[in-house]
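Reviewing the structure listed below.
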């Protein structure tokens, strides 16, 4: 869920993460227009709409059980496996 900016309050699936830049790309949000030249035979140029990157600090995980944006905690499963859990309700995310 996006917490600030023009896309505030909208939800979407994260498509790509760039840790070195601290940015994420979210499906269907932050749509940018890009002017593209035709490259190669059979390719068409024009104005293309694509998702743009936004800073990861503007995004929070969304818990389906709480229906709210939440912080993530860590929990250990009995087999030694780490799990991500909701800080509010304890649901495994």
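Read-outs: derived from the displayed coordinates by stated rules, not from any lab. Note that the structure is a prediction, hence the values are computed from the model and not measured. All Cβ positions, even for glycine, are placed from backbone atoms using ideal geometry, and neighbour counts span all protein chains on display.
Considering only 19, 69, 38, the mean-square fluctuation computed in a Gaussian network model of the chain, springs between alpha carbons under 10 angstrom, is largest for 38.
Extension gain, residue 62 to residue 33, is 7.7 nm, computed as 0.36 nm per intervening residue step minus the present C-alpha separation.
For volume of the Cα convex hull per residue in Å³, the listed values are (i) 208; (ii) 156; (iii) 104; which was obtained by calculation from the structure presented? Answer by label: (ii). Counting neighbouring beta carbons within 10 Å and listing from fewest to most, the residues 20, 7 come out as 20, 7.
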